[in-house]
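The values are calculated or read from the model by the stated rules, or taken from the named source; none is laboratory data. Keep in mind it's a predicted model, so treat the numbers as computed, not measured. Cβ placement follows ideal geometry from the backbone for every residue including glycine, while neighbour counts extend to all protein chains displayed. To get the accessible areas, we keep the full protein, side chains included, count just its heavy atoms, and leave off ligands, DNA and RNA. Shrake-Rupley method; radii C 1.70, N 1.55, O 1.52, S 1.80 Å.
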Amino acid sequence: MKVALQFVAMGLVWGASFLFMKVALGGVSFGQVAWARLVFGALTLGIIVLATRSRLPKEPIVYLHFLVVAITYCVVPYLLFAWAEQYVSSSLASIYNAVTPITTAILATAAFRVEKLNRDQVLGVLVGIVGVVVVVGPWSIAALSGSVWGQLACLGAVTCYGFSFGYIRRFISHRDIPATSVAFLNIGLAAAIMLVLTPVVALSPVTFTWPVLLSLLALGALGTGVVYIWNMNVLRAWGPTATSGVTYVTPVVGVALGILVLGEHLSWNEPVGAAVVLCGILLTQQRVRLFTRRQAELVDVRTN
């Protein structure tokens with residue numbers, strides 16, 4: 001029950017993160033959004049680690065693995081999503097985030113071999129890809145506009161997430177490291193990278209208002225701090241594909257907030273494509289079964 005509650009809370013907070021990014025972009029650059037998100041998140045997790053006296057790993061190789069995860073799970077996708085939201089709505093970005101289970105299933109199986117896909121799951125991946133095509137709406141694309149590049153950036157971000165879920169499961173999850181320490185090393189190393197990149201990504205004019213400041217704080221301390229502890233707990237308990245299913249919740253929250261708070265509008269193909277992606281996710285995560293059920297029925301007929 002505790003893990004399930006963390007899973008739902010994770011989806012709610014991360015769904016709201018797309019709203020926070022959009023609001024923050026009204027006063028700071030996309031690089032500053034990613035920078036503040038990671039630095040505030042690392043500070044929050046550092047305080048929690050000190051307060052709980054969580055132990056850190058001693059093996060040097062573990063830190064190299066965390067460095068890979070910091071880049072692929074935080075630095076690159078955070079920059080991509082923040083950049084993308086300059087050109088696409090927060091609602092659309094949250095819909096693209098729902099593709100994460102599809103990329104996770106592909107990479108966890110093909111790249112890291114930590115999971116195996118049956119025929120239902122393969123079908124789910126294919127259905128999910130069709131859903132992405134519907135969301136993109138290639139029939140309405142006349143040129144490579146900012147919106148198209150923004151959508152491609154979102155797809156790049158969720159591909160990074162899929163890679164990271166598989167990588168964590170393959171190289172980190174089996175190690176006896178407290179979830180708090182895992183989250184701190186992940187975000188802390190990513191924040192260190194962003195601090196090194198400060199002259200490149202963060203030194204530009206800013207316009208601070210209360211909505212911008214509060215959005216950055218919420219995005220960092222909550223969305224990139226506390227939630228990552230929940231994420232690691234769920235990942236260890238349920239595995240990468242099931243954990244990436246948090247994106248069932250995030251697009252619903254993201255779209256609702258985008259429409260209610262920012263007055264955003266969706267084209268017909270975006271919710272339709274999202275529904276197709278959801279069907280693919282249900283198959284990929286075996287919430288719905290087709291081939292396996294038919295196979296079982298055939299076995300029953302033969303045995304009778």
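Here are some notes:
- Any hit, region 111-125, residues being at pLDDT 90 or above, more than 19 Å from Thr224 (Cα to Cα) and of a type in the set (Val, Ile, Thr): no
- Residue within region 45-64 that is among the polar types (S, T, N, Q) and over 19 Å from Asp176 (Cβ atoms) present: no
- Tyr73 vs. criteria closer than 14 Å to Ala183 by Cα and surrounded by fewer than 17 Cβ atoms within 10 Å (Cβ to Cβ): no
- The residues on offer are Thr159, Thr180, and the sole one that is of a type in the set (S, T, N, Q), part of a helix (DSSP H, G or I) and either open to solvent by 60 Å² or more (accessible area, probe 1.4 Å) or in contact with a Gly (Cβ under 7 Å, 6 or more places away or on another chain) (or both) is Thr159.
- None of Val212, Val206 is modelled with pLDDT of 90 or more and assigned to a loop (DSSP other than H, G, I, E, B) except Val206.
- Annotation note: Cβ proximity below 8 Å between a residue of region 87-98 that is open to solvent by 10 Å² or more (accessible area, probe 1.4 Å) and a residue that is assigned to a helix (DSSP H, G or I) and of a type in the set (Lys, Arg) (sequence gap 6+ or interchain) occurs for Ser89/Lys22.
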